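The values are calculated or read from the model by the stated rules, or taken from the named source; none is laboratory data. Small disclaimer: the values here were computed from a predicted structure and weren't measured. Here the Cβ positions follow ideal geometry from the backbone for every residue, glycine too, while neighbour counts run over all protein chains shown. Just the protein is used for accessible areas: all its heavy atoms, side chains included, with ligands, DNA and RNA removed. Shrake-Rupley method; radii C 1.70, N 1.55, O 1.52, S 1.80 Å.
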Amino acid sequence: MPLYNHLKEYRAKIGVNQQEMGSLVDVSRQTISQIERGDYSPSVTLALKIAKVFDAKVEDIFAYEEEEN
Amino acid sequence: MSREQLENIKREDKKQGKKYITLLIVCFVAGGIGGVLTAFLADRGILYGLADMISTAIRKISIYYNLVATVILCVVVSLIYKKSKSVYTAWNGEDEAVIEKVEKLVSINLIIIGIHSIFYLIFMTIGCVEVTYEIEADRWPATEIIIMAIGFVVSSVFTVKGQQKLVNFTKEINPEKKGSVYDAKFQEKWLDSCDEMEKMRIYESGYAAFKTVNTACIVLDILCFLGMFVWNVGILPVCMVGIIWIINALAYYIKAMQLETKKYK
């Protein structure tokens, strides 16, 4: 089941590029890029770290296809 | 386990078992035809003549390979490196297509140097065999020895310096990466600095390599078996293939057992 995300929108809100986003959550730029494209589903730990950066809930950033629809 | 699950397992085995037996029969017939053909060609000395020709050609080439290949590859790698550097310098920090192009160019260079690092050692070894043959024939190949020595040094420097430059460039693109190519524990440090997605890629690649080596060993085992009768190579090649095969399998199984008790935090 595809995992959708709003990572790019959230990232744009705080004005960081992929490299900077990666530094904030201890992953590479490539991983952030893959997550935004939907090509990689982050682990629970990584998803929580990302949500913490934006002071949001994990469910606000990541959702399954059904919930998205 | 329920009776239905056991029945499903048996059904799947039965279905795949039929395909497996068909494959065995096809391999048996193909092996038989191949064996008869090999014996036919061997009787007429065709295969031996061909093998001898190939072997002589490789031995002659090996004297010059390292020097010539390194010069050519140095030019190719340098051009690709310069291109990747200029594209990276012009990158605005956002355009994904641009940075992916840079990373692809770096990967191409790493593959070129990686493959060359294996070839130059192999050709160095074969070159030494050729020099030995020349000396045994009372010819002192001084020029060939000097060319081989220079080629070896040049190849070694190219491989190490090339990898150093590419690794340092990768660290420039990805500042979180750690490790120096001069460090004996470079691979460990590099892996530790990789994130979850990169580690998954490395592990998947490792598994693909494990499966490929297994298949390659089967093929090489057959070739060495034929070689024993057609080219009289003795049992050493088969033993070497067996050793590599066993090491490949044991490395995988032992690591898998160790990982059963690993905590993934």
Interface A/B, total buried accessible area with a 1.4 Å probe, nearest 100 Å²?
1400
Please give the FRET efficiency for B:Met200 paired with B:Lys85, using the beta carbon to beta carbon distance and R0 = 25 Å, rounded to the nearest 0.05.
0.30
Can you report the principal axis dimensions of region B:92-207 using only the alpha carbons, biggest first, rounded to whole angstrom?
65, 30, 24
Could you rank the peptides B:184-195, A:30-41 by their average count of other C-beta atoms within 10 Å per residue, with the highest value first?
A:30-41, B:184-195
Hey, rough spin-label estimate for B:Lys189 and A:Leu24, points 7 angstrom out along Cα→Cβ, what's it come to in nanometres?
3.0
Buried by partner chains in region A:31-61 (accessible area down by at least 20 Å² vs chain alone, 1.4 Å probe, heavy atoms, protein only) are A:Thr31, A:Gln34, A:Arg37, A:Tyr40
To the nearest 0.05, the calculated FRET efficiency linking B:Val219 and B:Ser117 through their beta-carbon distance, R0 being 22 Å, is 0.40
Can you compute the modelled spin-label distance between B:Ala97 and B:Met257, with each label point 7 Å from Cα toward Cβ, in nm?
5.2
Between B:Val233 and B:Leu50, what is 0.36 nm times their sequence separation minus the Cα-Cα distance? Round to one decimal in nm.
64.4 nm
For region B:1-52, what value does the Rg/Rh ratio take when both radii are computed over Cα atoms and Rh is the Kirkwood radius, given to two decimals?
1.47
Magnitude of the Cβ-charge dipole (Lys and Arg +1, Asp and Glu -1) of the protein assembly as shown about the Cα centre, nearest 20 debye, reported as 360
Within region B:207-265, list the chymotrypsin sites (Phe, Trp or Tyr not before Pro) lying in a DSSP loop whose Cβ has at most 12 other Cβ atoms in a 10 Å radius.
B:Tyr264
Calculate the spin-label point distance for B:Ala30 paired with B:Cys128, positioning each point 7 Å from the Cα along the beta-carbon direction, and give it in nanometres.
3.7
Cut-off 20 Å, label point 7 angstrom out along Cα-to-Cβ of B:Ala42: give me the residues of region B:226-250 whose amide nitrogen falls inside.
B:226-242
As a check on your grasp of the helix formula, calculate [θ] at 222 nm for chain B: sum -39500 (n - 2.57) over DSSP H runs of n ≥ 4, divide by the residue count, round to the nearest 500.
-31000 deg cm²/dmol
